[in-house]
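Read through the structure below, which is laid out as structure tokens, and then see the notes.
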Amino acid sequence: MSTMKLTQATATPVTSAPAPTPEAGNASSTAHCTTHLRPLTCAQASGSGSALAAPGTFKARIQATAPVLTAEQLATYERDGYLVIKNFFPKELAAQLRQEAYALLCGLDLSTHPLTRFTTSNSSKKGLSEAEAEAAEQNAKEAAPTKPQLHYFLESAVARGFLFEEGAFNEAGERIKAKELAINKLGHALHLDAPPFRDFTHTDTMARIIADLGFKDPVVLQSMLIFKQPDIGGKVDKHRDSTFLHTKPSTAVGFWFALEDCKKARDGYPGNGCLAFVPKSHKDGGNDRRFRRVGVIAESINNIPADQRKAVDPTALRGPDNSHTKLKFFGEDKTINTYPPEAWIEEEVPAGSLVVIHGDVCHMSSPNTSADSRYIYTFHVFDDEGTQYPSDNWLQSKDLFKHFYSEPTP
């Protein structure tokens, strides 16, 4: 996760992309991301309904290679701060979920969208000093109303927020890509309100894996579809998820599912945006950087430690104020920029893979300048037991976060 650029742009008429022609022959004959996984046009998708079963009836079931993480897998995760499990779920399911993701893009109503863009251009810069941080908070005490683009982003914590690629607009701020080819990511509550992804998140296999990682009371904090659109898929700068999803102590973990093949650059092919990591960087202790709210900050039930909630009336808590809030970086990551290029390990994974990402491990992804997309689904959890979730984190909800071991809402 990284920050976003809040820029008002102008929508211009754009011709939708034609339906891709499926490649003949077996999918494995394709050198790069397989075009036969690309879905219908938006017109076809809206006419035929969901690519999966009707909402509320589809139950994704991951066919894992093992019912629980092996001792070797756990050791790899503890050592490196991330774990790649290839062929974790069937490619057919990956294709179905990719189709469903595309249908969500097609359903986007642009008539009321503020055209908020997503970028990571500032994510590697130094944060504010302590004095600057205090001044920024003081200046925001009487915050002006939040700009529509930022308000839309903040509201996406509990809703569906479509954030545009920077490259989807020209220098005049006009949109030059069809909407289904212009969205960078969709977040951050698909685990709550998008049945196929809700059900894909809450499986017995994932419950076992989360328990294997030592979680006592895991909470699903956010979920996203990230699209890495063809030709314009933006680079995600080096970062750690704990900068954005801060807990005390740090317990956030990401689960990243490849819905398409993620390919490195080779033989003239530019690559479509693989993840890259610095193994063992989750133990370097160098990150004091945080992406925080300033302005009007109020507690919700999620900001009260779990062992104190019974004594609190949640209706008496004001909850997040998304109308008088700004977002700023504070502090500094002292080590992330010290790692040389050779320390970064690029991970190429096929569709159907799972990558488990420690909240403190340094990672990034390259831009996608290929003709292929790179769809992934991801969700993050933190352990509610013995953990404080600060009220100035960017992502807030007035209602209690979804506890993983509870049943998903039908």
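Values quoted throughout were computed directly from the atomic coordinates according to the rules given, and no laboratory measurement underlies them. Keep in mind that this is a model prediction, so the values were computed, not measured. Glycine also receives a Cβ, built like all others from the backbone with ideal geometry; neighbour counts cover every protein chain displayed.
This ranking places Ser111, Ser391 by how few other beta-carbon atoms lie within 10 Å of each, fewest first, which gives Ser111, Ser391. Phi angles across region 285-302 convert, under the Karplus curve 6.51 cos²θ - 1.76 cosθ + 1.60 with θ = phi - 60°, into 3J(HN,Hα) values of x, x, 9, 10, 7, 9, 9, 10, 6, 9, x, 7, 10, 9, 6, 10, 4, 5 Hz, Gly and Pro given as x. Each of Leu110, Leu74, Leu190, Leu150 was scored by other Cβ atoms within 10 Å of its Cβ. Arranged with the fewest first, they read Leu110, Leu74, Leu150, Leu190. I'd like the distance between the alpha-carbon centres of region 153-216 and region 254-310, rounded to an integer number of Å. Taking the Cα centre of region 254-310 as reference, the centre of region 153-216 is 13 Å away.
Would you please classify the overall shape of region 168-324 from the alpha carbon gyration tensor, given that a ≥ b ≥ c denote the square roots of the eigenvalues, rounded means a/c under 1.5, and beyond that prolate means a/b larger than b/c while oblate covers the rest? Judged from the Cα gyration tensor, region 168-324 comes out prolate (a/c at least 1.5, a/b above b/c).
The spacing between region 386-400 and region 329-362, judged by their C-alpha centroids, is 24 Å. Answer rounded, prolate or oblate for region 246-356, using the Cα gyration tensor with square roots of eigenvalues a ≥ b ≥ c: rounded when a/c is under 1.5, else prolate when a/b is larger than b/c, else oblate. Note, shape of region 246-356 comes out prolate. For region 68-403, the Cα gyration tensor yields ellipsoid semi-axes of 29, 25, 21 Å (square root of five times each eigenvalue, largest first, whole Å). The HN-Hα couplings worked out from phi for region 166-173 by the Karplus form 6.51 cos²θ - 1.76 cosθ + 1.60 (θ = phi - 60°) are 4, x, 7, 10, 8, 5, 7, x Hz, whole numbers, x standing for Gly and Pro. Taking a ≥ b ≥ c as the square roots of the eigenvalues of the alpha carbon gyration tensor, region 323-410 is oblate, as a/c is not under 1.5 and a/b does not beat b/c. About its Cα centre, the dipole of region 68-403 is roughly 320 debye, where the only charges are +1 on Lys and Arg Cβ and -1 on Asp and Glu Cβ.
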